[in-house]
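Input: a single structure, listed below in structure tokens.
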Amino acid sequence: MEVVDARAALAPAISLVCAALVFASADNTFWRRFFSIAAALAKLVIVMSMLPGSLRGVVYTFNLVEFTEGVGLAFRADALGMFFSVVSSTLWLVTTIYAIGYMEREPNRRRFFGFFALCVSTTVGVAFAENLLTMFLFYESLTICTYPLVIHDETPEAMKAGRKYLIYTLTGGAFVLLGSIVTYQLAGTMTLSQPGILPLAAGRTTLTMLFVALIAGFGVKAAIMPLHGWLPSAMVAPTPVSALLHAVAVVKVGAFGILRTIYNIFGVALLRELGVCTWLAGLAAFTILAASVVAIFQDNLKRRLAFSTISQLSYIVLGASLLTPLAATAAIVHIANQAFAKITMFFVAGSIQRTTGKTTVHELAGIGFRMPYTMAAFTVAALSFIGVPLLAGFVTKWYLSLGALEAGEWWYALVMLASALLNAAYWLPVVYTAFFKTEPTAEVEVHEAHWTMLGPTLVCAVFVIFLGATVSVPGMPFALASAAVKFVFGM
Amino acid sequence: MTPWPPLLALLIVVPLTGAVITPVVGRTRAVRSADWSLGVMLATSVIALVLVVQVARVGPFSYVVGGWVAPYGIELRFDEFGAVIAVICLLGTLAMVFSRRYAAQAMAEQRIPYYYALLLLNLTGMIGFAVTGDLFNLFVFMEILSLSGYALVAVSGEKIAEMAAFKYLVMGAISSLVILLAIGILYALTGSLNMADVTGRLAGAPAAPLAVAFGALTLGFMVKAAAFPLHIWLPDAHAIAPSPVSAILSGLVVKVGIIGMLRVYQIAYGSGAVDMRALNHVLMWLGALSIVMGAFFAVFQDDIKMMLAYSTISNIGYIIMGLGLASSYGMIGASVHVFNHAIIKATLFLGAGALIFQTGKRTLTDLAGVGHAMPWTVAAISVGAISIVGIPPTAGFVCKWYIALGAVQAGHPFFAFALVFGALFIFIYYIRMVNAFYFRQPRDPAILEVTEAPASMLVPVLILASLCLIMGVMGSLPLSFIEPAVQRLLLPLGGG
Amino acid sequence: METEATRSLLPLAAFLLPLAGAVLTLPLRKISARVRDITLLALTALCASVAVWLAAHVAGGEVYETYLLQLTPDIWMYLRVDALGALFGATVAVLWMLALVYSWGYMAEGHRLGRYYSFFMLSLAWTMGVAYSGNLLTFLIFYELFSILTYPLVVHEQTPEAMAAGTKYIIYILVGGSLVLLAIVLTYFAAGDQTLTTGGILSADIGQQRLFAIFWCYIAGFGVKAALVPLHGWVPDAHPAAPAPFSAVLSGVMVAAGSFGIMRVLFQVFGVELLREMGVMSMVTILAGFTVLFAAVLAVNQDNLKRRLAYSTISQMAYVVLGVSLLGSDSTIGAIIHVTNHAFMKGGLFLCAGLFIRRLGVHRVSQLDGAAKRMPVTAAGFAIAALGMIGTPPLSGFVSKWYLGLGMLETGNPLLLVVLLGGALLAAIYLLPIVYRMYFREPVLTADDKVTTEGREAPASMLVPLVIVTLLTIALGLGASLPGMPVSLARMAAETFFH
């Protein structure tokens, strides 16, 4: 059932308004904080207010502007989009609170919070995009809005990372644009509301090229190897940005784009016919393992997180490219699972950096006694990545393995296991160093981060547990993922 | 319902007369000439607005001056492509406003009335060029705007400006001659100078002279449009001219080549006598080359205006490619980009002008950190930069989208590729600009003490910047406006 | 003969009580160490009584179940107490309670004590979960959790050896856990989510190859925890490194959890008939038999007492797998009760080893000369447990070996008696010399020991658990045939497996 409802457009718009207000609030700290948090709350309320309907199967649509017939800015909150936006708006709220604490003494806070809000606006825009054009529009805007955040520190290193980031993501964007154009030409429409719009009659070669273009385009942000180069360097950004980049906005938008490409543009049936997804799955599996191996050798905590992200994102890609319902479920729920666990870790990394100034793993000896709650949250996230049951990561691993079997490609189940072990190999040493190695200085005193940073960290860690422990977490509906899968597979 | 017919004539007469009177008005006090020319431009704008609304409602119409019918009389013809006059008037008006403070600083006071007169003359030439239905008049208006253009480049009176103007003059004169030659051939073949008439009579004309004529027309207009490698006159001229003039030159005057090409197409397709395929191919490649090379040269510029000048070459490349694709999407995209690019480039040049005016610096290195001192101006420039790269939802994106779509439609996906990635290239240097303004440490801390530009400069820039956004969000408006004209144009090809 | 399950919250209570203890540990310490200790003991005692109560009622023919959480739309976290689980659960809870009391004396007050107690309680909670799991996924969840969360206990001393042992432990356990996960995923894919009640949920239809893959994944996965050679590498390092009370439970029940998993899987996932059809069990038999002898031979050469005991554990646990692999009902009974019996015997031995370390500062067998004179009660406990381990009647170890031997004959493998007796003989070789040294050698005094050779016996809080464990070893042997004893539960379980 489709309902025309302005809320589908209001959700992205509210952060836009927030951004404007933040910019307008000059350097008044109070109003900046007020607007940031108020908008985050308002957005969460809006998205959540659509949730009950969405769970009943209602799809909210809203056409904003029409360029020409069938081409325009239109929003459509279907199950998949709702899932993504629920995750991103929840995380926006916590990240905003965290950022307020983290950025306490940083310069250029107005710019930071303004663009921060813009990023989320565009992310929800991508989630709710009704057609490829709208999606591209927000996809590109996101790239631009993130740039000032990446180079926030304005150091030469940051500038270099920013340049790299832009070159990668804009090239990706160009491929997406190219793909959109060809899609429109072939299908005569760009809507994302169908389970596949392209006809097989368009020719195998053309379709394969198109698939490659779109996947390459979205794959840059989703950091599929070898398109991942920007991500580790973008780690120079302030931590809330890294959290936003790696958990919520940028990388997830890429992964989300791949999901849309596979499920809504090509459609499962067509892709099975084309057989291109085999290659994508292979690439994703390679990324999962290779990035993990690289991560083991990173001493800088944030860099390690970056490579872990690269690895984790390919779970989503792998799940999507296996083209089976169970694997698809894994791909979709992993959007949330990875987001919460990864953001927890970033929060922790940021808290440590702010509180103690430490950035590398080997410096963390004994930090577990200094910041017990923070490191406990980190441990929960780490265990989740390893895929310990009752935590979020396990759900993905479980469904993905089942999906691989369902597709008759059992070796991907082995990839899952190998990845779990590799995850253990680079996360457990951190936990180990933190809790079981003693600090050089004997004096150990509990010194946690400010509550604005600790609170969000713990909230996210609790979510990691909730997501793994039960399907009925309020506001984190597994049912939405199932609904999306059912739609895509015509079940 | 057609409008009061002489309105079309007034469109030319008003600014032309205004231009002639300007020096007289400004003889005692230079500032009066500014008021006067602004008034003239406003009046012209009103006329233009009425006409554009008219053409949107009833389609093309014409007015025969003095009642003499073709082929003997002078016919003024107003169609959708002619609606570019709306942009001409808009930019003209804003440039007039902008010049009030700018001119006072950039040139000696006694030159100011002549500056305004030349500006008006230049605009008149362009308006005339856009609405004339007669080949010879086309040439005449072209010369008016070219000559006034040369003078405007040199108006500051500096040595370097004269050099640039001279280069511009030489190239301009050669191209004018080539075009004149082509017009001569066409006249010899058909015995008429009226475009509609020529179109009608071309059928059955010998192929060789026709090919020479159309080749010559294309070559001439490509020089005017500054397609690579015929662009060599442009960077110096545009960079050295006073900023409002740069805005006009870059935003509008190069478009004369494009509008000329559109007229050539009208004749060629309308008559069905000329096979444009080979020429189209040349145009496509020329466009692709311009996009890439323009961007390539721009990357190495440190002078902000030089950079903008090279970016014009890239963007003209878009349009030329769109024309060469000869598919409906490509044509629509190209035509709309004539409007949109004018707005975008004017935003950038006027913004850059405001920066130069306030800081006295014009290289990116020196301007580092200016974003903190002049937030509104730099924000406007940033919007323009985003727009010219074609990031949605700005004006530039709409055209990029359509031209790329046109490339696929015409069966040349490679050009879509070139276009999309060329745009990426363009981004590289714009990001340098934005970086310098916002994110680099100022070389000279004094730049942070600079104040925001005066209202007479800031307001035009902001209006243009918001238009960049509006034209993107309301992208369907110009598209649907121009669509019937393109359909008509491509009708002989089977509707495109 | 399926009994209708009764819905009950008791299985949940058995799991939640220690969990509550884990959470309360830190806040209670703020009040006082004494309050914490008493509360934890109360909770554990409650948990143990619930477990024993459940075992008693299950022996009376009841089955209890609890639906816990809906993990995914089609998978519930589900607890179910049947005969096998009830016995294991009761063993776990009782041994844990005793180890907790022992810890009071053993663990010196320090800042890491909070961590120790909370993870100690956590491990109990997860292990209870393992015992009571009603389906594979629930099993997996608890199994993984307790495997990983015992890591802090293994490395508790934080000496370089402990850290190295911990790393080894976690690597082995994670690889094993991954294999188990893979196997469970494959099972789930082939058969769906089924409760562990019937005599097998897999069918031969899914193809021989896949069945073999699943089978070996399970065996290898659980084999790591059950310390089957060659997957035993972590055991000899982890035991000496860990604190003694934890070594006791580690050896007593945690290694057994692997064997428990193998039992669950073989009888309730594959089912006896399918296994016979597949004909793979003989390979497991060989593997287990080899482990029994090989580990025992290695044990003989160890001078470090706890290390020797660790190898003994490897050897003894292989008996369980051996008994199971024969697919005979008597041998299965023997295997099941051996889990319980071994838990208390080996628990007792480790408690003694801990006392020697704490009271005498002795780690090595060669330093134990004359220990019996100084710590008579401890030495007696050690001697009894050692005799039980060798299989001397009427101690509990004898009962399990008796059933195992019966099973070997029943299934027509008399040759395996050689393994059984050989293992016993080797146990005698590696344990009796210790007893001999304690009782019949004169103490060698170190410098600070010169003053006195007497009065080194442990405090009551450490002796009481040891005495109870020893009494249990005797009682389980003497009263083996009484109703309500482990044998009756094991028989019930075996009957369901073999119909």
For C:Glu410 the rounded accessible area (nearest 10 Å², probe 1.4 Å, non-protein molecules ignored) is 90 Å²
The FRET efficiency for B:Gln110 and B:Leu181, from their Cβ-Cβ distance with R0 = 51 Å and rounded to 0.05, is 0.85
Summing -39500 (n - 2.57) over every DSSP H run of at least 4 residues in chain A and dividing by its residue count gives a helix-only mean residue ellipticity at 222 nm, to the nearest 500 deg cm²/dmol, of -24000 deg cm²/dmol
Checked the range A:112-206 against the a/c 1.5 cut and the a/b vs b/c comparison, axes a ≥ b ≥ c from its Cα gyration tensor; verdict oblate
note: the range B:344-414, Cα-Cα separations exceeding 15 Å make up a percent value of 60 percent
Note on chain C: helices (DSSP H) long enough, at least 24 Å by alpha carbon along their axis, and hydrophobic enough, mean Kyte-Doolittle at least 0.5, are C:10-31, C:33-59, C:83-106, C:113-132, C:160-191, C:208-226, C:281-300, C:305-325, C:329-355, C:416-440, C:460-478
Chain C: relative contact order from alpha carbon pairs under 8 Å, six or more residues apart, as a whole percent, is 16 percent
Amide H neighbours of A:Asn131 at under 5 Å, excluding residues fewer than 5 places away on the same chain, with H built from the backbone geometry, are A:Ala74, A:Leu192
Here the convex hull volume per residue of the protein assembly as shown, taken over Cα atoms and given in Å³, is 175 Å³
Taking the square root of 5λ for each eigenvalue of the C-alpha gyration tensor of chain C, the equivalent ellipsoid has semi-axes, largest first and in whole angstrom, of 35, 26, 20
FRET efficiency for A:Glu406 and C:Arg29 from the Cβ-Cβ distance with R0 = 45 Å, rounded to 0.05, comes out at 0.35
Residue ranges of DSSP H helices in chain B that stretch 30 Å or more (Cα, own long axis) and have mean Kyte-Doolittle hydropathy of at least 1.6 are B:159-190, B:413-434
Quick tally, 1.4 Å probe accessible area for B:Arg111, C:Arg80, sorted with the most first, runs B:Arg111, C:Arg80
For the pair B:Met474 and C:Ala460, the simple spin-label estimate (label points 7 Å beyond Cα toward Cβ) gives in nm 9.3 nm
Partner shielding of B:415-422, as the mean number of partner chain Cβ atoms within 10 Å, equals 4
Taking GluC sites (Glu not before Pro) as exposed when in a DSSP loop with at most 12 other Cβ atoms inside 10 Å, chain A has its longest clean stretch at A:70-442
Of the listed pairs C:Lys168/C:Lys346; A:Lys252/B:Lys345; C:Lys346/C:Lys373, those with alpha carbons more than 27 Å apart are A:Lys252/B:Lys345
Note to self, chain B gives a 222 nm [θ] from helices alone (DSSP H runs n ≥ 4, -39500 (n - 2.57) apiece, / all residues, nearest 500) of -25000 deg cm²/dmol
The distance between the Cα centres of the range C:1-60 and the range A:350-417, in whole Å, is 30 Å
Here FRET efficiency (C-beta to C-beta, C:Ile206 to C:Val300, R₀ 45 Å, nearest 0.05) is 0.50
Between chains C and A, total accessible area buried, probe 1.4 Å, no ligands or nucleic acids, nearest 100 Å², roughly 2800 Å²
Among the Cα-Cα pairs of the range C:98-221, the proportion with separation greater than 21 Å, in percent, is 51 percent
Long-range alpha-carbon pairs in chain A, meaning those over 45 Å apart, account in percent for 6 percent
In whole µm²/s, the translational diffusion coefficient that Stokes-Einstein assigns to chain B, given a Kirkwood hydrodynamic radius over C-alpha pairs, 37 °C and 0.692 mPa s, equals 147 µm²/s
Here the alpha-carbon Rg of the range B:276-496 over 2.2 N^0.38 Å rounds to 1.06
The set of residues whose placed amide H lies less than 5 Å from the amide H of C:Asn304, leaving out same-chain residues fewer than 5 positions away, is C:Val365
For C:Lys30, the aspartates and glutamates lying under 18 Å Cα to Cα, once residues fewer than eight places off in the same chain are dropped, come out as A:Glu445, C:Glu109
The range A:217-241 and the range B:180-256 have their Cα centres apart by a whole-number Å value of 48 Å
Measuring from the longest principal axis of the C-alpha atoms of chain A, the long axis of helix A:204-221 (C-alpha) lies at a number of degrees, nearest 10, equal to 20 degrees
For A:Lys358, counting only lysines whose alpha-carbon sits under 21 Å away and dropping same-chain residues fewer than eight positions off, the answer is A:Lys302, A:Lys342, A:Lys437
Tilt, helix A:411-436 to longest principal axis of chain A (alpha-carbon atoms), in degrees rounded to tens, equals 20 degrees
Quick calc: nm separation of the 7 Å Cα→Cβ label points for B:Thr451 and A:Ser49 -> 4.6 nm
Under 5 Å from the placed amide H of C:Asn135, counting only residues 5+ away or on other chains, we find C:Tyr78, C:Leu196
Taking Cα atoms only, helix A:250-260 is inclined relative to the longest principal axis of chain A by an angle, in degrees rounded to 10, of 30 degrees
Applying the gyration tensor rule to the Cα atoms of the range C:363-499 (axes a ≥ b ≥ c; rounded if a/c under 1.5, else prolate if a/b exceeds b/c, else oblate), the class is oblate
With N residues in the range C:294-430, Rg(alpha-carbon) / (2.2 N^0.38 Å) equals 1.08
Under the 7 Å Cα-to-Cβ spin-label approximation, B:Val20 and B:Lys159 lie apart by a distance in nanometres of 3.9 nm
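The values are calculated or read from the model by the stated rules, or taken from the named source; none is laboratory data. These numbers come from a predicted model, not from an experiment. We place every Cβ from the backbone using ideal geometry, glycine too, and count neighbours over all the protein chains shown. Note: areas computed on protein heavy atoms with side chains; ligands, DNA, RNA excluded. Shrake-Rupley method; radii C 1.70, N 1.55, O 1.52, S 1.80 Å.
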